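Shown next, in structure tokens, is the structure this report addresses.
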Amino acid sequence: MTAEATAKTPSERGGEPGRVRRGRRWIEHWDPEDEGFWRETGERVARRNLAFSVLSEHIGFSIWSLWSVMVLFMGPEYGVDPAGKFFLVAMPTLVGAVLRVPYTFAVARFGGRNWTVFSALLLLVPTAAAAVVMTPGTSYGTFLLVAGLTGVGGGNFASSMTNINSFYPLRKKGWALGLNAGGGNIGVPVIQLLGLLVIGTAGAAQPRLVLAVYVPLIVLAAVLAALFMDNLGPVANDTGAALDAARERHTWVMALLYVGTFGSFIGYSFAFGLVLQSQFARTPLQAASLTFIGPLLGSLVRPVGGRLADRFGGARITLGNYGAMSLATGVVIYASAVRSLPVFLVGFIALFVLTGLGNGSTFKMVPGIFQAQAVRRGLEGEAAAAYGRRLSGAAMGLIGAVGALGGLGINLAFRQAFATTGSGTPAFVAFLAYYAVCGAVTWAVYLRGPAGVRSAARAEGVEGAEARPAYAEV
């Protein structure tokens, strides 16, 4: 019998007594921190699950950002003004943020593979609904309702990240989580590129062509997940983990930081085209030809942010990243004031790249923080790893939900700025102040000096940890 088959044998009890499942796709023993297990069995299984998780999450992000594309098809005949369009693209962000909490715990309740299949098929609902309502004369309330349905795509991120977090050892989480999230994030520019292709070839009166492409892709993702992904038995449903994570101040500190990175990424992704149309008078085709660039680059560099965090410490990368985001925002404010589109594009696209790097570095910090907490409590080996997985998995759902709400804030800030001044400049000034706060918090909590817990570097086996700030290697 192969090592992989052994890992899937139901009699191997890696979880709670009495929770052994029967079925070919359930793995009952999983210990990625054991280097022998990881080398012989774990890495191969984890990579396979990661690949199909990325596919499903990628399509989920595309559907979540669907209305950032649909609004480009909504000409004057739809009767929706720019302020109404900003609120329309904000609605999926709100729903997606709320759904991220239950989606996080669905993995433990139903299994990562099972929930991936179900959540992928659920994407058919908002896709079909959009195909029905995308016509002039539809009421604004109906548009809001259908846009809200695409929030299920935002929920996919939380369940996917929680699932992949359980598959990988701490030393590889930065890269794995960055790759998983980055592959998902690319769903945003991909659907925007598709929208550009449709507008450029068939015209702005054919939004249903975009939707027709995604229906078979959704079905394909669900089928592949059913065939090739696995459920982890040791990931027990533990509502107490959510309460414990909610009591940890680091959960909310990291949520604050993730609002600045992911909230900016998803908020800017949804709003970019509308900002170009409203502030620089771009046509739908001109806007669509530019909107995909920033989200694409931000998605591609997210794994790089995770890799840099693995190498140099997430807190250090995050601090430097917030400094750079502040500078890029200053460039955008200047460009908005002088109405220079080229300078604006340089600054805004730089912001996208930096949000991607920050997304990778902040999410790497989460498992490291809770691993350090486990060491502080005197836990060692698998006990410390299990504690870290339990708390970090629960915290990721809460952090991801709050971070997505940042996207809502971005779009509401733009809506108010354009409604009152006709420019996005006041919104960018507010964002600059927020990035400065996030940089100060990162330094004060994770880099300034001993924070009352044993170094995360020591938990990861980094030499010289005793002389470093408590979370320098997180």
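The values are calculated or read from the model by the stated rules, or taken from the named source; none is laboratory data. Quick caveat: nothing in here was measured; it's all calculated off a predicted structure. No Cβ is skipped: glycine too gets one built from the backbone with ideal geometry, and neighbour counts run over all protein chains shown. Ligands, DNA and RNA are excluded from the accessible area calculation, which covers all protein heavy atoms including side chains. Shrake-Rupley method; radii C 1.70, N 1.55, O 1.52, S 1.80 Å.
Looking across segment 311-321, the residues that are part of a helix (DSSP H, G or I), touching a Phe, Trp or Tyr at 6+ places or on another chain (Cβ under 9 Å) and surrounded by 24 or more Cβ atoms within 10 Å (Cβ to Cβ) come down to Gly314, Ala315, Thr318. When the residues of segment 417-430 are filtered to those that are modelled with pLDDT of 90 or more and open to solvent by 20 Å² or more (accessible area, probe 1.4 Å), the one that is nearest to Val98 (Cα to Cα) is Ala430.
Taking Leu398 as the residue in question, decide whether it is modelled with pLDDT of 85 or more, open to solvent by 10 Å² or more (accessible area, probe 1.4 Å), closer than 22 Å to Cys438 by Cα and part of a helix (DSSP H, G or I). The answer is yes for Leu398.
Could we say that Ile199 is under 14 Å from the mean Cα position of the chain (by Cα) and among the β-branched types (Val, Ile, Thr) here? If you could, list the steps in order and put the result at the bottom.
On the way: under 14 Å from the mean Cα position of the chain (by Cα): no; among the β-branched types (Val, Ile, Thr): yes.
No; evaluated as a whole, the condition is false for this residue.
Exactly one residue out of Ile218, Ile199, Ile186, Ile164 is under 22 Å from Gly356 (Cβ atoms) and out of contact with any His (no Cβ under 8 Å at 6 or more places or on another chain), and it is Ile164. When Ser340 is tested against (1) within 22 Å of Leu179 (Cα to Cα); (2) surrounded by fewer than 16 Cβ atoms within 10 Å (Cβ to Cβ), just one condition goes unmet, and that condition is (1).
Scanning segment 287-307 turns up no residue that is surrounded by 20 or more Cβ atoms within 10 Å (Cβ to Cβ), touching a Lys or Arg at 6+ places or on another chain (Cβ under 6 Å), among the aliphatic types (A, V, I, L, M) and assigned to a helix (DSSP H, G or I). For Phe37, the conditions (1) over 24 Å from the mean Cα position of the chain (by Cα); (2) open to solvent by 10 Å² or more (accessible area, probe 1.4 Å); (3) closer than 20 Å to Leu145 by Cβ all hold with the exception of (3).
Restricted to helices (runs of 4 or more DSSP H) entirely inside segment 23-124, those with at least 1 residues that are under 21 Å from Leu232 (Cα atoms) are 43-64, 82-110, 112-122.
Here's the yes/no breakdown for (1) charged (D, E, K, R); (2) open to solvent by less than 20 Å² (accessible area, probe 1.4 Å); (3) closer than 18 Å to Met365 by Cα:
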site: Phe228; (1), (2), (3): no, no, no
site: Gly233; (1), (2), (3): no, yes, no
site: Arg249; (1), (2), (3): yes, no, yes
site: Trp252; (1), (2), (3): no, no, yes
site: Ala255; (1), (2), (3): no, yes, yes
site: Gly260; (1), (2), (3): no, yes, yes
site: Ile266; (1), (2), (3): no, yes, no
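Aromatic (Phe, Trp, Tyr), at pLDDT 80 or above, crowded, with 19+ Cβ neighbours inside 10 Å and more than 15 Å from His250 (Cα to Cα): is that true of Tyr434 in this structure? Spelling it out, Tyr434 is indeed aromatic (Phe, Trp, Tyr), at pLDDT 80 or above, crowded, with 19+ Cβ neighbours inside 10 Å and more than 15 Å from His250 (Cα to Cα).
Residues being under 30 Å from Ala427 (Cα atoms), more than 24 Å from the chain's Cα centre (by Cα) and either modelled with pLDDT under 90 or open to solvent by 40 Å² or more (accessible area, probe 1.4 Å) (or both) are represented in segment 123-140 by at least one member.
From the list Leu327, Leu379, Leu391, which one is open to solvent by 30 Å² or more (accessible area, probe 1.4 Å), part of a helix (DSSP H, G or I) and more than 19 Å from Gly184 (Cα to Cα)? Show your work before the answer.
Details: Leu379 fails: part of a helix (DSSP H, G or I); Leu391 fails: open to solvent by 30 Å² or more (accessible area, probe 1.4 Å).
It is Leu327.
Just to verify a result, which residue in segment 174-191, among those that are open to solvent by 10 Å² or more (accessible area, probe 1.4 Å) and part of a helix (DSSP H, G or I), is nearest to Gly305 (Cα to Cα)?
Initial filter on segment 174-191 (open to solvent by 10 Å² or more (accessible area, probe 1.4 Å)): 175, 179, 183, 186, 190.
Restricting the remaining residues to those that are part of a helix (DSSP H, G or I) gives 175, 179, 183, 190.
On the way: Trp175: 8, Leu179: 10, Gly183: 13, Val190: 21 Å.
Checked segment 174-191; the qualifying residue nearest to Gly305 (Cα to Cα) is Trp175.
Residue-by-condition table, conditions (1) open to solvent by less than 20 Å² (accessible area, probe 1.4 Å); (2) under 13 Å from Gly153 (Cα atoms); (3) in contact with a Leu (Cβ under 7 Å, 6 or more places away or on another chain):
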{"residue": "Thr41", "(1), (2), (3)": "yes, no, no"}
{"residue": "Arg44", "(1), (2), (3)": "no, no, no"}
{"residue": "Ala51", "(1), (2), (3)": "no, no, no"}
{"residue": "Lys85", "(1), (2), (3)": "no, no, yes"}
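Could we say that Gly203 is at pLDDT 85 or above, outside any helix (DSSP H, G or I) and over 18 Å from Ala51 (Cβ atoms) here?
Numbers: at pLDDT 85 or above: yes; outside any helix (DSSP H, G or I): yes; over 18 Å from Ala51 (Cβ atoms): yes.
Taking the combined requirement at face value, the residue satisfies it.
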